[in-house]
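Q: Below is one structure. I have some questions about it.
The values are calculated or read from the model by the stated rules, or taken from the named source; none is laboratory data. These numbers come from a predicted model, not from an experiment. For neighbour counting, all protein chains shown are included, and Cβ atoms are generated from backbone atoms with ideal geometry for every residue, glycine included.
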């Protein structure tokens, strides 16, 4: 099929992934056409706020993929994954703050507004370098990655698993939230970082910049999906599933389980960091509320509703639930939390494999278990 | 002349005292084992040494000064009533439980008490659990692929693909355990007996020197039991096989050398016939 030509070999059996990536490409095309090429007066014009909203959803979908990797495939239910998202967001936020320059309320070229307000005389050391986009981009990966590495190294080495690990991740994000709330931390305290003007010299308010950031979000989601799919199809991914299902067995056939868990955990944190960094310029603010434990729990609900251990299920869950959230909080604000709770209960009771499980159930069995390439024996190969 | 001899004697005595001291203080000299974790040395024909091993859980002595030696290539059955310490012994060998006292050596040089599970497995000790433990979501083929002896580091796993030799090896093991027909079936769907065989296959493909097999025929039909007996006896020689089993008929059908554990130490050791006629054994176990 021509269709198959555009997908790497390891994705040949991944129907959901093909649909997802094709839809993403189509979405970007439609948005660009209907926002840029069709005049605002036309009824078909897609307003820019819609573009930004969609871009936001795509970032959250990438975050959901990150959680699905560790939860759906490795069985590590991290209830603090929004922390990595927020850290990536803060790194981007700091860069955007430095871009404001002397256009702030106080017109201070050296210090961000909130520091002037707090009577700080000079920039704290950890803000140095954030004028530079390349440095900020490095930090977007380095900070969440390093935190995940240290936390994971300690937790997995001590063989903390299950509920205990979930509680620890929850505590981690809660602790970070409290820390970032403090003004003395130098990250804007309660208000966080906001009032952004430019990114790389382009105005954040302009439609073109917004379209570009939206497209980058779509690209990041696609790349994140493909990378994750590659990982779960590799032997590493198979080992990670083995760890989820029979950790002892994996250990006793010679795998260093801690290394595998740590690797997948850090990779997942990197994805979350990138998602956060793309999220912040689109919403225009990052504050400690992003570290709230509730956010991480909601994230787990998206993945559960969409369907664990499929990757595209996480995307479906994140998009649907967030769309529903936007819709309901607009129409019936007090109704939203009840709806979310009901959705979660229904999906746990009736849809153990989430929404994508419904479609998979109707598939015929042989299709469901793709056969690996038939093994070629050495002698056969020699004969050829 | 006498003086020279006297001097020499004194010197000898000093050296002997020094050597004695070294023996007592330096763990590397203990019991003639010299620790060298990298290579398996079975020059003394014994592949596994347990010497004076004790383990206690909250005051309960699961293993009590247990000493046991397994020769290279032998098939050894270990029997004993419940709570005799059979599974704890396997835990100690594979690094799951650390002994309170005693020495556990793999060959002459590898101190198993200093190694962790995956190192012990890579060094060449495979273990089958009491309850068949396989990877339910993977195919039979996938299970064997994961267990195969190869570099098991993370980065290697990310990029590796099966070579033709490795495929042949998987085929070979599939034939040995008789699951060729089921190679693409999800392991979860296998029958209980087939799962047991798959797990034995997963041990085999690691190419271990020692196979520790915990209750391989639990829940098997007679036919399956015969097949398992055949499989295990065929493995001995190339590998040392240690079987822990409750089923006396099964033990009788495979074992030449039997060790009886009781309350955490060895009660008797010998051929099945000797064991059956041993008064002590009859009292605690067979006579019941």
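Q: Suppose the filter is modelled with pLDDT under 95, surrounded by fewer than 20 Cβ atoms within 10 Å (Cβ to Cβ) and outside any helix (DSSP H, G or I); does residue A:123 pass it?
A: On the way: modelled with pLDDT under 95: yes; surrounded by fewer than 20 Cβ atoms within 10 Å (Cβ to Cβ): yes; outside any helix (DSSP H, G or I): yes.
Against the criterion (modelled with pLDDT under 95, surrounded by fewer than 20 Cβ atoms within 10 Å (Cβ to Cβ) and outside any helix (DSSP H, G or I)), residue A:123 qualifies.
Q: Conditions: (1) crowded, with 20+ Cβ neighbours inside 10 Å; (2) farther than 16 Å from residue A:268 by Cβ. Residue A:84 meets all but one. Number of the miss?
A: Residue A:84 satisfies every listed condition except (2).
Q: Is at least one residue of the range A:225-246 more than 28 Å from residue B:136 (Cα to Cα) and away from every other protein chain (no Cβ under 14 Å)? Talk me through it step by step, then tell me what you get.
A: Start the filter on the range A:225-246 by keeping residues that are more than 28 Å from residue B:136 (Cα to Cα), which leaves none.
No, the range A:225-246 has no match at all.
Q: Also, quick follow-up: Among the numbered criteria (1) within 14 Å of another protein chain (Cβ to nearest Cβ); (2) crowded, with 17+ Cβ neighbours inside 10 Å; (3) out of contact with any helix residue (DSSP H, G or I) (no Cβ under 6 Å at 6 or more places or on another chain), which one does residue B:86 miss?
A: Failed condition: (1).
Q: Would you check which residues across the range A:189-210 are under 23 Å from residue A:147 (Cβ atoms) and touching a strand residue (DSSP E or B) at 6+ places or on another chain (Cβ under 8 Å) and list them?
A: Those that are under 23 Å from residue A:147 (Cβ atoms) and touching a strand residue (DSSP E or B) at 6+ places or on another chain (Cβ under 8 Å): A:192, A:193.
Q: Restrict the check to the range B:266-287 and report whether at least one residue is closer than 23 Å to residue B:180 by Cα and in a helix (DSSP H, G or I).
A: Pass one, the range B:266-287, residues closer than 23 Å to residue B:180 by Cα: none.
Checking the range B:266-287: not a single residue is closer than 23 Å to residue B:180 by Cα and in a helix (DSSP H, G or I).
Q: In the range A:276-384, which helices (runs of 4 or more DSSP H) lie fully inside it and hold 1 or more residues that are within 14 Å of chain B (Cβ to nearest Cβ), modelled with pLDDT of 90 or more and over 30 Å from residue B:143 (Cα atoms)?
A: On the way: elements: A:293-306, A:312-331, A:336-350, A:354-361, A:365-368, A:378-383.
Answer list for the range A:276-384: none.
Q: Do we have any residue at all in the range B:215-229 that's closer than 15 Å to residue B:250 by Cβ and within 14 Å of chain A (Cβ to nearest Cβ)? Spell out how you get there, then give the answer.
A: We begin by selecting, within the range B:215-229, every residue closer than 15 Å to residue B:250 by Cβ; these are B:215-229.
Filter once more, keeping what is within 14 Å of chain A (Cβ to nearest Cβ): none.
The answer is no, given that none of the residues of the range B:215-229 is closer than 15 Å to residue B:250 by Cβ and within 14 Å of chain A (Cβ to nearest Cβ).
Q: Here's something else I'd like to know. (1) crowded, with 21+ Cβ neighbours inside 10 Å; (2) under 20 Å from the mean Cα position of the chain (by Cα); (3) over 30 Å from residue A:255 (Cβ atoms): which one isn't true of residue A:215, the others all being true?
A: (1)
Q: Could you tell me which residue of the range B:182-193 is farthest from residue B:45 (Cα to Cα), considering only residues that are without any contact (Cβ under 8 Å) to a residue 40 or more places away in the chain and either out of contact with any helix residue (DSSP H, G or I) (no Cβ under 7 Å at 6 or more places or on another chain) or within 12 Å of another protein chain (Cβ to nearest Cβ) (or both)?
A: Restricting attention to the range B:182-193, the residues satisfying the condition of being without any contact (Cβ under 8 Å) to a residue 40 or more places away in the chain are B:189, B:191, B:193.
Filter again for either out of contact with any helix residue (DSSP H, G or I) (no Cβ under 7 Å at 6 or more places or on another chain) or within 12 Å of another protein chain (Cβ to nearest Cβ) (or both), leaving B:189, B:191.
Values: B:189: 41, B:191: 38 Å.
So, considering only residues that are without any contact (Cβ under 8 Å) to a residue 40 or more places away in the chain and either out of contact with any helix residue (DSSP H, G or I) (no Cβ under 7 Å at 6 or more places or on another chain) or within 12 Å of another protein chain (Cβ to nearest Cβ) (or both), the one farthest from residue B:45 (Cα to Cα) is B:189.
Q: What residue, of A:49, A:106, A:57, is in a helix (DSSP H, G or I) and more than 17 Å from residue A:275 (Cβ to Cβ)?
A: Going through A:49, A:106, A:57 in turn, the sole match is A:49.
Q: Being over 18 Å from residue B:278 (Cβ atoms) and either modelled with pLDDT of 90 or more or part of a strand (DSSP E or B) (or both) is the filter here; which residues of the range B:75-85 pass it?
A: Step one: list which residues in the range B:75-85 are over 18 Å from residue B:278 (Cβ atoms), which gives B:75, B:82-83, B:85.
Within the range B:75-85, just B:75 meets the criteria.
Q: Considering the range B:106-116 alone, what residues qualify as being more than 15 Å from residue B:126 (Cα to Cα) and assigned to a strand (DSSP E or B)?
A: Residues satisfying the conditions are B:110, B:111.
Q: Still on this structure: Looking at the structure I just gave you, is residue A:44 touching a helix residue (DSSP H, G or I) at 6+ places or on another chain (Cβ under 9 Å), loosely packed, with under 11 Cβ neighbours inside 10 Å and free of Cβ contacts under 8 Å to residues at least 12 places away in the same chain? Write out each step before concluding.
A: Details: touching a helix residue (DSSP H, G or I) at 6+ places or on another chain (Cβ under 9 Å): yes; loosely packed, with under 11 Cβ neighbours inside 10 Å: yes; free of Cβ contacts under 8 Å to residues at least 12 places away in the same chain: yes.
Yes; evaluated as a whole, the condition is true for this residue.
Q: Please go through the range A:1-31 and pick out each residue that is modelled with pLDDT under 90, surrounded by 13 or more Cβ atoms within 10 Å (Cβ to Cβ) and assigned to a helix (DSSP H, G or I).
A: The answer is A:10, A:11, A:15, A:16.
Q: Then there is this: Can you tell me which of A:156, A:252 is within 14 Å of chain B (Cβ to nearest Cβ), in contact with a strand residue (DSSP E or B) (Cβ under 6 Å, 6 or more places away or on another chain), crowded, with 17+ Cβ neighbours inside 10 Å and more than 27 Å from residue A:101 (Cβ to Cβ)? Let's see the steps before the verdict.
A: Values: A:156 fails: in contact with a strand residue (DSSP E or B) (Cβ under 6 Å, 6 or more places away or on another chain).
Result of the check over A:156, A:252: A:252.
Q: Using the structure shown, decide if residue B:201 is out of contact with any strand residue (DSSP E or B) (no Cβ under 7 Å at 6 or more places or on another chain) and under 14 Å from residue A:249 (Cα atoms).
A: Values: out of contact with any strand residue (DSSP E or B) (no Cβ under 7 Å at 6 or more places or on another chain): yes; under 14 Å from residue A:249 (Cα atoms): yes.
In short, yes.
Q: If you don't mind, there's one more thing I want to ask. Please find, within the range B:105-121, the residue that is nearest to the other protein chains (Cβ to nearest Cβ) out of those that are within 19 Å of residue B:239 (Cα to Cα) and within 13 Å of the chain's Cα centre (by Cα).
A: B:121
Q: For residue B:234, all conditions in the list (1) under 28 Å from residue B:40 (Cβ atoms); (2) in contact (Cβ under 8 Å) with a residue 60 or more places away in the chain hold save one; what is the number of the exception?
A: Tallying (1) under 28 Å from residue B:40 (Cβ atoms); (2) in contact (Cβ under 8 Å) with a residue 60 or more places away in the chain, residue B:234 fails exactly one: (2).
Here is a yes/no grid of residues against (1) over 30 Å from residue A:220 (Cα atoms); (2) part of a loop (DSSP other than H, G, I, E, B); (3) at pLDDT 95 or above:
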position	(1), (2), (3)
A:84	no, no, yes
A:89	no, no, yes
A:111	yes, yes, no
A:115	yes, no, no
A:136	no, no, yes
A:147	no, no, yes
A:153	no, no, yes
A:160	yes, yes, no
A:165	no, no, yes
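Q: Considering every residue within the range A:257-276, establish whether at least one is surrounded by 23 or more Cβ atoms within 10 Å (Cβ to Cβ), within 25 Å of residue A:170 (Cα to Cα) and in contact with a strand residue (DSSP E or B) (Cβ under 9 Å, 6 or more places away or on another chain).
A: Within the range A:257-276, one or more residues are surrounded by 23 or more Cβ atoms within 10 Å (Cβ to Cβ), within 25 Å of residue A:170 (Cα to Cα) and in contact with a strand residue (DSSP E or B) (Cβ under 9 Å, 6 or more places away or on another chain).
Q: If you don't mind, another one. On the given criteria, is residue A:236 in a helix (DSSP H, G or I), modelled with pLDDT of 95 or more and over 21 Å from residue A:154 (Cα atoms)?
A: Details: in a helix (DSSP H, G or I): yes; modelled with pLDDT of 95 or more: yes; over 21 Å from residue A:154 (Cα atoms): yes.
The answer is yes for residue A:236.
Q: On to the next question. Within the range B:226-252, how many residues turn out to be in contact with a helix residue (DSSP H, G or I) (Cβ under 7 Å, 6 or more places away or on another chain), surrounded by fewer than 18 Cβ atoms within 10 Å (Cβ to Cβ) and more than 23 Å from residue B:208 (Cα to Cα)?
A: The total comes to 1.
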